[in-house]
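The values are calculated or read from the model by the stated rules, or taken from the named source; none is laboratory data. Quick caveat: nothing in here was measured; it's all calculated off a predicted structure. Positions of Cβ are backbone-derived with ideal geometry, glycine not excepted, and every protein chain shown enters the neighbour counts. SASA here: full protein model, heavy atoms, side chains in, ligands and nucleic acids out. Shrake-Rupley method; radii C 1.70, N 1.55, O 1.52, S 1.80 Å.
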Amino acid sequence: MTSVFAARAPAVGASAKAAAAAAASVPMLVGADSSPYVHKLRMYFKYRGIEIEEVQNNPDIFASLILPRTNLTMIPVVVDGDAVLSDTGLIMDHYEGKLPIGSPQYPSLVPATPKQRFVSQAFEFMSEDWFFLVGFAQRFGHLEEHERYLLNMVAEGTGRSTGLIPKYAKSRELLDQRFLRARKPWGVTEETMPVFDAYLERFLVQLSAHFDTHRYLLSDEVPCRGDFALAGQLSGFIARDPVPSYVLKTKAPNLMRYLARMQNAPEAAYEYPNRVVHLDGVANAPAVTVTRADTKTSAAPTFLANDVIPPTLYPALSALVDLTTHVEQTHALAVKHATTAAAKSGTSGTEWVELPRAVGYPRFTVGGEEKGTRMAQVFSLFAWARMWRGGVDPHSAAEADVVLGIAAATSSSDTTAAADPDAFLAKVRGLASKLVLDKSVRRNAENQIEIRAVAATAKL
């Protein structure tokens, strides 16, 4: 089910004041089309039928709005009245709280059953942590293949096209300052690019197998929150950029139909060639007789019955094995930072300690094998803990079924090392105890991640 995204316009003859008031009431999505998170929110707002105005971020907006109001250096943000909202997950929470969720017009994006809820939230985390890194690598690790595209992309935020910048000099400088220098900290190097390339193709093929038989991750009728996170990364990175889009269109072309579906794009209509089964322009000429197929869409769209998880999803979720190890390493480094800070301050260490954006550069694995180093961003602790929101129990049988299913998928792969199911389950539950059950990580009012040193240390 998708909602019609109807533009809101003042009535003919309305006063300029009324028109201005109507325009002011429309939320503004501030970002850039190159951001996968803009793509995610664009799909969400369109699906929910919420009108928005998209605004291109620029240095002035960043300095005068985004940084002072969010204390973050990230886009997008949503300006809604006096509120400036950041973090796409929290933005969706904000608007979901305003809608009559559960009605036929507004089906829930969160499955009610435990396994499906966990899988949806796992796709949110995996898409916006690991798959974001894969998209970043595809965009900035193939500089020679699409440098001119990147120069144009960077220039979008300057308010003028690259054609007005002599020899692209300014754009090249901005590209280097903002993105290329970040490649090594993110783990994108000449040595790791073959790893990212191979993973992308493998992941797209795995997803393709799922969407051969299902329209969404957990339903044939309605998307879940994991769909918006996944489709945002696919649309904003993989389908948009020249090099990965070639892989997408040649190795997993049916994912383009999935994206059209999520975007409610006009071409999505062509998924149903048999919805009009006959057009007769002769019998009743000049009128055209239209014969339509019976609709199979239910009045109340739902997720798959009996809390079933399609087996086709487990291979695509196998990156969680490596991600759990990375979050575990990040947690250990964060605890070390917090205990050191507490000792230097002379306090007992029972208070919350604000963490820097990154706390080190541990080795990261792909398919169970070490491939390089990348930043240990502390936001991943907060994001990993959010996988368990909404009553998902880290020690439940439902959660264990999903975790063991993910581990089993690695044993059937000829490109990844098999994960020990019991060891992976124990690792997931141990990390959940540290971050979720003990509530030792939080985000403060200034949007910074904090950790409670004593509670975290006690679990090491």
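The residue pairs whose first member lies in segment 346-357 and is farther than 21 Å from Thr330 by Cβ, whose second member is surrounded by 12 or more Cβ atoms within 10 Å (Cβ to Cβ) and modelled with pLDDT under 80, and whose beta carbons are closer than 7 Å, counting only pairs six or more residues apart or on different chains, are Thr350/Val454.
Among the residues of segment 435-444, are any surrounded by fewer than 19 Cβ atoms within 10 Å (Cβ to Cβ) and assigned to a helix (DSSP H, G or I)? Among the residues of segment 435-444, at least one is surrounded by fewer than 19 Cβ atoms within 10 Å (Cβ to Cβ) and assigned to a helix (DSSP H, G or I), which makes the answer yes. When the residues of segment 189-210 are filtered to those that are open to solvent by 10 Å² or more (accessible area, probe 1.4 Å) and within 14 Å of Arg139 (Cβ to Cβ), which remaining residue is farthest from the chain's Cα centre (by Cα)? Filtering first and then ranking leaves Met193. A search for C-beta distances below 8 Å between a residue of segment 168-196 that is β-branched (Val, Ile, Thr) and any residue that is not in a helix (DSSP H, G or I), counting only pairs 6+ apart in sequence or on different chains, returns Val188/Gly141; Thr189/Arg183; Thr189/Gly372; Thr192/Lys371; Thr192/Gly372; Val195/Val366; Val195/Lys371; Val195/Gly372.
For segment 124-145, a residue qualifies if it is touching a residue at least 40 places away in the same chain (Cβ under 8 Å) and among the acidic types (Asp, Glu), and the qualifying residues are Glu124, Glu128, Asp129, Glu145. Counting the residues of segment 214-259 that are assigned to a helix (DSSP H, G or I) and of a type in the set (Asp, Glu) gives 1. Output yes when any residue across segment 57-68 is within 18 Å of Ala231 (Cβ to Cβ) and either modelled with pLDDT of 95 or more or not polar (S, T, N, Q) (or both), and no when none is. Looking through segment 57-68, none of the residues is within 18 Å of Ala231 (Cβ to Cβ) and either modelled with pLDDT of 95 or more or not polar (S, T, N, Q) (or both). Of all the numbered requirements in (1) touching a residue at least 40 places away in the same chain (Cβ under 8 Å); (2) crowded, with 19+ Cβ neighbours inside 10 Å; (3) out of contact with any Lys or Arg (no Cβ under 7 Å at 6 or more places or on another chain); (4) under 27 Å from Pro76 (Cβ atoms), Leu259 misses one, and that requirement is (1). Checked against (1) of a type outside the set (Phe, Trp, Tyr); (2) within 24 Å of Thr312 (Cα to Cα); (3) over 24 Å from the mean Cα position of the chain (by Cα); (4) open to solvent by less than 70 Å² (accessible area, probe 1.4 Å), Glu399 meets all criteria but (3).
Which one of the conditions (1) modelled with pLDDT under 90; (2) under 18 Å from Tyr314 (Cα atoms) does Arg452 fail to meet, given that it meets all the rest? Answer for Arg452: the failing condition is (2).
Only one of the listed residues (Ala426, Ala458) is within 19 Å of Val327 (Cα to Cα), surrounded by fewer than 22 Cβ atoms within 10 Å (Cβ to Cβ), among the small types (Gly, Ala, Ser) and at pLDDT 95 or above. That residue is Ala426.
Please state which one of Thr113, Thr73 is among the hydroxyl-bearing types (Ser, Thr, Tyr) and open to solvent by 70 Å² or more (accessible area, probe 1.4 Å). Steps first, please.
On the way: Thr113 fails: open to solvent by 70 Å² or more (accessible area, probe 1.4 Å).
Result: Thr73 is the single residue among Thr113, Thr73 that is among the hydroxyl-bearing types (Ser, Thr, Tyr) and open to solvent by 70 Å² or more (accessible area, probe 1.4 Å).
In the set (1) outside any loop (DSSP other than H, G, I, E, B); (2) touching a residue at least 24 places away in the same chain (Cβ under 8 Å); (3) in contact with a helix residue (DSSP H, G or I) (Cβ under 8 Å, 6 or more places away or on another chain), the condition left unmet by Val110 is number (1). Would you mind stating whether Ser245 is farther than 14 Å from Ala316 by Cα, touching a residue at least 40 places away in the same chain (Cβ under 8 Å) and of a type in the set (Gly, Ala, Ser)? No.
Out of all the residues in segment 211-222, which are under 28 Å from Ser412 (Cα atoms), of a type outside the set (Gly, Ala, Ser) and open to solvent by less than 10 Å² (accessible area, probe 1.4 Å)? Once the filter is applied, which keeps residues that are under 28 Å from Ser412 (Cα atoms), of a type outside the set (Gly, Ala, Ser) and open to solvent by less than 10 Å² (accessible area, probe 1.4 Å), segment 211-222 yields Tyr216, Leu217, Leu218.
Restricting attention to segment 64-95, which residues are under 19 Å from Gln121 (Cβ atoms) and in contact with a Leu (Cβ under 7 Å, 6 or more places away or on another chain)? Reasoning before the result, please.
We begin by selecting, within segment 64-95, every residue under 19 Å from Gln121 (Cβ atoms); these are 87-95.
Passing the criteria: Thr88, Ile91, His94.
Candidates are the residues of segment 43-70 that are within 20 Å of Leu234 (Cβ to Cβ) and touching a residue at least 60 places away in the same chain (Cβ under 8 Å); the one that is surrounded by the most Cβ atoms within 10 Å (Cβ to Cβ) is Tyr44. Scanning segment 239-261 for residues that are closer than 18 Å to His210 by Cα and either of a type outside the set (A, V, I, L, M) or within 13 Å of the chain's Cα centre (by Cα) (or both) yields a count of 8. State yes or no: is Lys40 modelled with pLDDT of 95 or more, under 20 Å from the mean Cα position of the chain (by Cα), buried (at least 18 other Cβ atoms within 10 Å of the Cβ) and over 21 Å from Arg386 (Cα atoms)? Judged against the criteria, Lys40 is not a match.
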